[in-house]
Amino acid sequence: MKRSSIIEARRMHVNPLVRQNVDLSFQIVDRIHEILVAKGLKQKDLASLLGKKEAEISKWMRGTHNFTIDTLVSIEKALDAPILQVVHQESRYPVCEFEPMMANEPLSPPEP
Amino acid sequence: MTAKQHYSIELVEEYENINFYSIHLDGKEQTELEAFFDKFPIGCDYDEEIDVIISWMDKIAEKGALERYFRPEGHYGDGVGVIPIDVGNKVRLYCLRLSDKILVFGNGGVKDAATWQESELLAPYVKLLIDTSRFISSRIKDGSLVLVDKEIIGNLNFSRDEEK
């Protein structure tokens, strides 16, 4: 697949944090879009639910907006649907439940 | 005063689901997209904005050029968009969205006026894309150019009167 050597050279120097921010912003706007579609709503409906202008919502939805927690919470509230989920330690590193269960089991009396 | 400007549209980057084309002015070594990046070398004042533009282009390459990801610029319906940047918000890169799978990039630069119409630097770039959009629409209508999936097939050479 064709690539421009000039753009490729610049691409190699992109700050990974910026890339991560843009990636997360795209995930957020795609999720908002998904909720709007599922609920049969348009961006202008979200604007009126939030008391904002449609142009502002449209600006958020382009994949480079730096969302604040306040904004995300207000969107979640307005759409009554979750957008971001926090990963808890338990779900990232599942603990083996077999061992503690064994330790808590009462010792059986020895076979006669 | 006007002068005849000749240019072509050429493929710059190809992805599985989308092609990035750019305008190549006759007599210039680079395409307009490459000339844009050349204006912002690593370590310049706009590093972060350029990082956002490239990251955004890479996401578009992955997801497709869906209309909702673009900020319309130019005139209504001509398909000219500007890459949205939420950092600093000073750098502009213009493109023509022909479909979810075809983008034609023009040039851009640092915003120096409230609107592109008022900017001596940016207005020529937007006008070039507006004219190109008009030429492409007319060629699609007369059948001399077709969009097939992510490709533009047909006569990709253009001429226009450029204001000097």
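The values are calculated or read from the model by the stated rules, or taken from the named source; none is laboratory data. Computed from a predicted model, the values in this text were never measured in an experiment. Backbone-built Cβ (ideal geometry, glycine too); neighbour counts: all protein chains shown.
Starting from residues that are facing chain B (nearest Cβ under 7 Å) and in a helix (DSSP H, G or I), keep the ones in region A:1-22 and report whichever is nearest to residue B:69 (Cα to Cα).
Kept after step one, since they are facing chain B (nearest Cβ under 7 Å), are these residues of region A:1-22: A:1-4, A:6-7, A:10-11, A:13-15, A:18-19, A:22.
With in a helix (DSSP H, G or I) added as a condition, the list becomes A:6-7, A:10-11, A:18-19, A:22.
Working: A:6: 24, A:7: 21, A:10: 22, A:11: 20, A:18: 17, A:19: 16, A:22: 12 Å.
Within region A:1-22, the match that is nearest to residue B:69 (Cα to Cα) is A:22.
Restricting the search to region B:7-17, which residues are surrounded by fewer than 21 Cβ atoms within 10 Å (Cβ to Cβ) and of a type in the set (A, V, I, L, M)? Result: B:11, single match. Of all positions in region A:44-60, none carries a residue that is more than 25 Å from residue B:48 (Cβ to Cβ), among the polar types (S, T, N, Q) and touching a helix residue (DSSP H, G or I) at 6+ places or on another chain (Cβ under 7 Å). Checked against (1) surrounded by fewer than 17 Cβ atoms within 10 Å (Cβ to Cβ); (2) at pLDDT below 95, residue A:38 passes all but a single condition, namely (2).
Here is a check on your reading of the model: is residue B:128 under 17 Å from the mean Cα position of the chain (by Cα), modelled with pLDDT under 95 and within 21 Å of residue A:25 (Cα to Cα)? Against the criterion (under 17 Å from the mean Cα position of the chain (by Cα), modelled with pLDDT under 95 and within 21 Å of residue A:25 (Cα to Cα)), residue B:128 does not qualify. Screening residue A:51 against (1) at the interface with chain B (Cβ under 10 Å from one of its Cβ atoms); (2) without any contact (Cβ under 8 Å) to a residue 24 or more places away in the chain; (3) of a type in the set (Gly, Ala, Ser) leaves a single unmet condition, (1).
Results for (1) within 13 Å of another protein chain (Cβ to nearest Cβ); (2) more than 22 Å from residue A:56 (Cα to Cα), shown as yes or no for each residue.
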position	(1), (2)
B:3	no, yes
B:32	yes, yes
B:37	yes, yes
B:41	yes, yes
B:44	yes, yes
B:52	yes, no
B:61	yes, yes
B:70	yes, no
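Can you name every residue in region B:140-155 that is outside any loop (DSSP other than H, G, I, E, B) and within 22 Å of residue B:18 (Cβ to Cβ)?
Keep residues of region B:140-155 that are outside any loop (DSSP other than H, G, I, E, B), which gives B:140-142, B:145-148, B:151-154.
Those that are outside any loop (DSSP other than H, G, I, E, B) and within 22 Å of residue B:18 (Cβ to Cβ): B:140, B:145, B:146, B:147, B:148, B:151, B:152, B:153, B:154.
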